[in-house]
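See structure below.
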Amino acid sequence: MKIIEFNERGQQVESESRSITPSSGTSFLAKSPSIPSRPKVSVSAGVELHMFQTGTLRTRKHNIKMNQGEEMWEIPVPWYLLKHPMGNVVIDGGNAAEVAIDKRAHWGDVVDTYDPHMGLKENCVEQCRSVGVEPEDVRYVVMSHLHLDHTGAVGRFRNAQHIVQRAEYDYAFNPQWFAAGGYIRADFDRPGLNWKFLGGEMTDNFDLFGDDVIKMIFTPGHSPGHQSFLITLPKTGPILLTIDAAYTMDHFENKALPGFLTSAQDAANSVAKLRRIAERTGAKVIAGHDMRQWEGMLHAPKSFYA
């Protein structure tokens, strides 16, 4: 196996792999990030953002908005496909396909708190096919973080390089007790995957294609290595995918904290950072699990943003 890195000219190059051994003993490819700025070009024509949903989660309100009630809420589980002339990008992937088959067997007792409802065809592989993208056509799988409702794409696209924050990858293998339920190791502990690790503030605003279409923004707090995404489209303009840095627009507007986080201080700082970006760019802000907002979006496979 090879690791793809970026040289000083921003070009992708192959280097020899080296293995690390997580606590399970499974070998993973790893390399500390050293990613220079890449040459800037104009936003590419022919770029499309497709917004999919792998069902819903049913949970108590206080699990979404800290200390705010016991009533049941139903929230969407989104993921995103970015079609780009330089390669297709899957962002997260929602729930794993196994959840639709036997959710308790795959997630365990987590389903007593976050109850997934998902159809057999509501997985990222089948949904990619619905817009003409086969598994071998995906170049990158980009992970906001490795929580169980985001890891549906890991290992499903055999030609894809997987990009994640190194802090998130390491934490997922050894989470603190209060966060352990958020990680399903079977989803990401997969041998032979081609991983690329980003380095927090050192690689902040990493521009995947060098054309400003997709930038990765380090936003810890919900998890130690969470990242959000600034997508810039030729016609629509900038879209800010907060992912779980802001579950809902109430989080983004400083009216609530998420019900699940590893650092309240980091979470608040990350929202402040995203608010500055939105103000500077004029981006449309899309929260991670806001049902009211989600219902008003253009949904794949019927529609997309260009």
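Okay, here's what the table says:
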{"quantity": "Order of His147, His222 - criterion: other Cβ atoms within 10 Å of each residue's Cβ, fewest first", "calculated": "His147, His222"}
{"quantity": "Gyration tensor verdict on the range 110-210 (Cα atoms; rounded if a/c is under 1.5, prolate if a/b is larger than b/c, oblate otherwise)", "calculated": "oblate"}
{"quantity": "Net charge dipole size for the chain [Lys, Arg +1 and Asp, Glu -1 on Cβ; Debye, nearest 20]", "calculated": "540 debye"}
{"quantity": "Rounded if a/c under 1.5, otherwise prolate or oblate - the chain, Cα gyration tensor axes", "calculated": "rounded"}
{"quantity": "Mean Cβ count within 10 Å, highest first, over the residues of peptides 293-305, 195-207", "calculated": "195-207, 293-305"}
{"quantity": "Set of the range 199-223 residues, backbone N closer than 20 Å to the point 7 Å along the Cα-Cβ line of Asn269", "calculated": "199-206, 216-223"}
{"quantity": "Difference of contour (0.36 nm per residue) and Cα-Cα distance, Lys61 to Lys121", "calculated": "18.8 nm"}
{"quantity": "Residues Trp79, Trp73, Trp177, sorted so that the one with the fewest Cβ neighbours within 10 Å comes first", "calculated": "Trp177, Trp73, Trp79"}
{"quantity": "Cα gyration tensor shape of the range 232-306, rounded if a/c is under 1.5, else prolate or oblate by comparing a/b with b/c", "calculated": "oblate"}
{"quantity": "Dipole of the chain, positive end: most advanced residue of Gln53, Gly237, Trp73 [Cβ charges, Cα centre]", "calculated": "Gly237"}
{"quantity": "Computed helical MRE - 222 nm, the chain, DSSP H runs ≥ 4 contributing -39500 (n - 2.57), nearest 500", "calculated": "-4500 deg cm²/dmol"}
{"quantity": "Relative contact order (%) - the chain, alpha-carbon pairs under 8 angstrom, separation at least six", "calculated": "19 percent"}
{"quantity": "Sites Met72 and Thr281 - FRET efficiency at Förster radius 35 Å, r taken between beta-carbons, to 0.05", "calculated": "0.45"}
{"quantity": "Peptides ranked, highest mean first, by Cβ atoms within 10 Å: ranges 47-54, 89-96, 136-143", "calculated": "89-96, 47-54, 136-143"}
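Each reported figure results from applying straightforward, stated rules to the coordinates on display, with no laboratory input. As the structure is a prediction and not an experimental result, all values here were calculated from the model. So basically every Cβ, Gly included, is an ideal-geometry build from the backbone, and we count neighbours across all protein chains shown.
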